Ligand code: EPU
C-alpha cells in the first residue's frame with residue numbers, strides 16, 4: 001500500500017492548477033443515465049472516486065470515452081439497473097444512481113451504503129423523497145429496490161439539508177410527471193453545478209442556488225456539454241497548506257466566491273488573500289492566529305474543510321474551538337495530529353485546540369479523505385519527517401496532490 005513521506009519545513013511558492021470538483025463530478029456522471037444522448041464533459045478530476053463511479057456506470061451499460069479531463073458519456077445502451085454491494089461499499093456516492101435510474105427506467109436496485117468512518121450517514125431522506133414522488137420502495141437483503149412506472153411531481157420537505165439527497169431527488173424530478181418542489185434543498189455549489197448541466201440537457205428548474213428548487217418534469221432529456229466547477233475543497237486544502245507552511249502561491253482555475261466562509265476564517269488567521277475571476281493568490285509570512293469556527297451547510301464553513309483548518313489552528317498562536325455539526329464522528333484526525341505534537345481535546349462535537357509552537361514529524365495513519373489531507377498539511381509544516389499510511393483515502397478525492405505540492409517546493413514523495 002502506498003504511503004506519503006514528507007519532510008516538513010519548506011515554504012511553498014509557485015502556481016497550482018485546481019482540478020474539477022469531485023463532489024460535482026460524481027452526480028454529473030450519474031446524470032449520464034438520464035438520457036440516451038451524449039454528454040460531453042470537461043474539467044473532470046482524475047481521482048479514484050471518479051474511476052470507481054465510471055466502473056459502476058459502465059457495468060450498467062453507460063458508454064464512456066475519456067481523454068485526460070475530458071469525457072463523453074452515452075446512455076443509449078443502459079441494460080443493468082443495479083448498483084451492487086461490492087461497488088457501493090467502496091463509495092457511498094454510488095447512491096446517486098438511484099434517482100436517475102428510477103426516473104428513466106422505472107426501476108432501480110441499489111445496495112444500502114451502510115456506515116462510514118465519519119458518521120452513520122443514513123439515506124432515509126433519499127428514499128422518503130422518492131416515495132413521496134410515488135415510488136414503491138422495499139429494502140430486501142441489504143438492497144433498496146425501488147419501482148415507479150412514472151414518478152409524479154410533489155412537494156418534498158427533507159428533515160435536514162442533504163447534498164446527495166437533493167441531487168438524487170433533483171435528477172429524479174427532471175423526468176417526473178408535473179411539478180416537484182424540493183424544500184430545504186442543499187445549496188452547495190456542486191448541487192448548483194449539477195442543476196446547470198440538467199438545464200443544458202433540457203430540464204426545467206427554477207430556484208437554482210436557493211433552498212427551494214422547483215422542477216417541471218419533461219418527457220425526455222437530451223445531450224449537452226458542461227465544464228465541471230472548480231473543486232472548492234481542493235482549493236481550500238492548498239490555502240490551508242500555504243497558511244501552515246508560509247509562502248506565496250497562486251491557485252489557478254478556481255474561484256473565491258464559493259469559498260467565502262473559509263476566506264473569512266483564513267483572513268482572521270492572518271492569511272493574505274487576493275483573487276481574480278479564475279485565480280486566488282495566498283500569501284502567509286507569520287505564524288497563524290487561532291480561529292474558532294463551526295461547520296454548517298453551504299454557505300457556512302464546510303465540514304469538508306474542518307480537518308484541514310484544524311491543522312492550522314493546532315500550530316496557531318492562541319486557542320480555538322472547532323464545532324462539527326454535520327457528521328457525528330469527524331474528528332478521527334485529532335489523535336493522529338496529537339501524535340505530531342498537537343494539543344487537541346475532544347468534548348462531544350467540539351474540539352478544543354491549544355496552539356503549539358510546531359508539529360514534530362512522526363508516522364501517522366490516514367482514516368478518511370479529509371483527515372488524510374489534514375495530516376499532509378501537518379506534515380508539511382512539521383519539523384522532521386512524517387510518514388502517512390493508508391493514503392488510498394487521499395487518492396479517492398485529490399487529483400495527484402503530492403505532485404501539485406512538490407511543484408511548489410514541498411518535499412513530499414509517494415513510497416510504495
Ligand atoms: N443525512 C441523513 N439522512 C439522509 C441524508 C443525510 O440523516 O438521508 C444526514 C447525514 O448523516 C449527515 C447530514 O445529513 O449528518 C448531511 O449529510 P449529506 O447527505 O449532506 O452528506 P452526503 O450527501 O452524504 C456530501 C459530500 C460529502 C460532504 C457532505 C456534507 C458528496 C459525494 N459527498 O455527502 O463529502 O461532507 O455532503 O457537505 O457530495 C468528502 O468529499 O470528503 C465528503 C465526505
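FYI, it's all coordinate maths here, none of it is from the lab. Just so you know, these numbers come straight off a predicted model, no measurement behind them. Cβ atoms come from the backbone with ideal geometry, glycine included; neighbour counts cover every protein chain shown.
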Mind grabbing the base-10 log of I(q)/I(0) for the stretch 238-280 at q = 0.13, 0.22, 0.34 Å⁻¹? Debye formula, identical points on the C-alpha positions, no solvent, two decimal places.
-0.24, -0.71, -1.40
May I ask for the angle, rounded to the nearest 10°, between helix 163-174 and the longest principal axis of the chain, with both axes built from Cα atoms and the value confined to 0 to 90°?
20
Each label point is 7 Å from the Cα along the Cα-to-Cβ direction; what then is the distance between the points at residue 414 and residue 136, in nm?
4.8
Dividing the helical contributions, -39500 (n - 2.57) per DSSP H run of n ≥ 4, by the residues of the chain yields a 222 nm value, nearest 500 deg cm²/dmol, of -9000 deg cm²/dmol
Give me the number: length gained by fully extending residue 358 to residue 218, i.e. 0.36 nm times residue separation minus the C-alpha to C-alpha distance, one decimal in nm.
44.6 nm
Evaluated at 20 °C and 1.002 mPa s, the Stokes-Einstein D of the stretch 1-56 based on the Kirkwood radius over Cα pairs, in µm²/s, stands at 150
Ratio of the stretch 1-158's C-alpha Rg to 2.2 N^0.38 Å, to two decimals?
1.20
Residues of the stretch 186-225 with amide N under 11 Å of the 7 Å Cα→Cβ point at residue 179:
206, 214-217
Proxy reagent accessibility, fewest Cβ within 10 Å first, across 284, 171:
284, 171
Can you give the angle from 0 to 90° between the axis of helix 369-381 and the longest principal axis of the chain, with both taken from C-alpha atoms, to the nearest 10?
20
Rg to Rh ratio, the stretch 94-247, alpha-carbon atoms and Kirkwood radius?
1.03
A student asked for the Cα radius of gyration and Dmax of the stretch 366-416 in angstrom ought to give 10.2, 27
For q values of 0.10, 0.15, 0.16, 0.18 Å⁻¹, compute log₁₀ I(q)/I(0) with the Debye formula on a Cα-only model of the stretch 320-416, without solvent.
-0.27, -0.61, -0.69, -0.85
Label point at residue 159 placed 7 Å out along Cα→Cβ; residues across the stretch 184-222 whose backbone nitrogen lies under 18 Å:
184-186
Starting from the Kirkwood radius over alpha-carbon pairs of the stretch 184-280, derive D by Stokes-Einstein at 20 °C in a medium of 1.002 mPa s and give it in µm² s⁻¹.
139
Relative to the longest principal axis of the chain, what angle (0 to 90°, nearest 10) does the C-alpha long axis of helix 232-245 take?
0
How big is the stretch 142-217 by the Kirkwood estimate over distinct Cα pairs, in Å?
12.4
Please give, to one decimal in nm, the separation of the simple spin-label points placed at residue 67 and residue 287, each 7 Å out from Cα toward the Cβ.
5.3
So if each residue of separation counts as 0.36 nm, and I subtract the Cα-Cα distance between residue 86 and residue 325, what length gain in nm does that give?
83.0 nm
Could you state the principal axis extents of the C-alpha atoms in the stretch 279-365, from the largest down, to the nearest angstrom?
34, 33, 24
Report the normalised scattering of the chain as log10 I(q)/I(0) at q = 0.10, 0.11, 0.12 Å⁻¹, calculated by the Debye formula with identical scatterers on the alpha carbons.
-0.66, -0.79, -0.93
If you look at just the Cα atoms of the stretch 57-148, how large are its Rg and its Dmax in Å?
14.0, 40
Spin-label pair residue 76/residue 117, simplified geometry with 7 Å Cα→Cβ offset, distance in nm
4.2
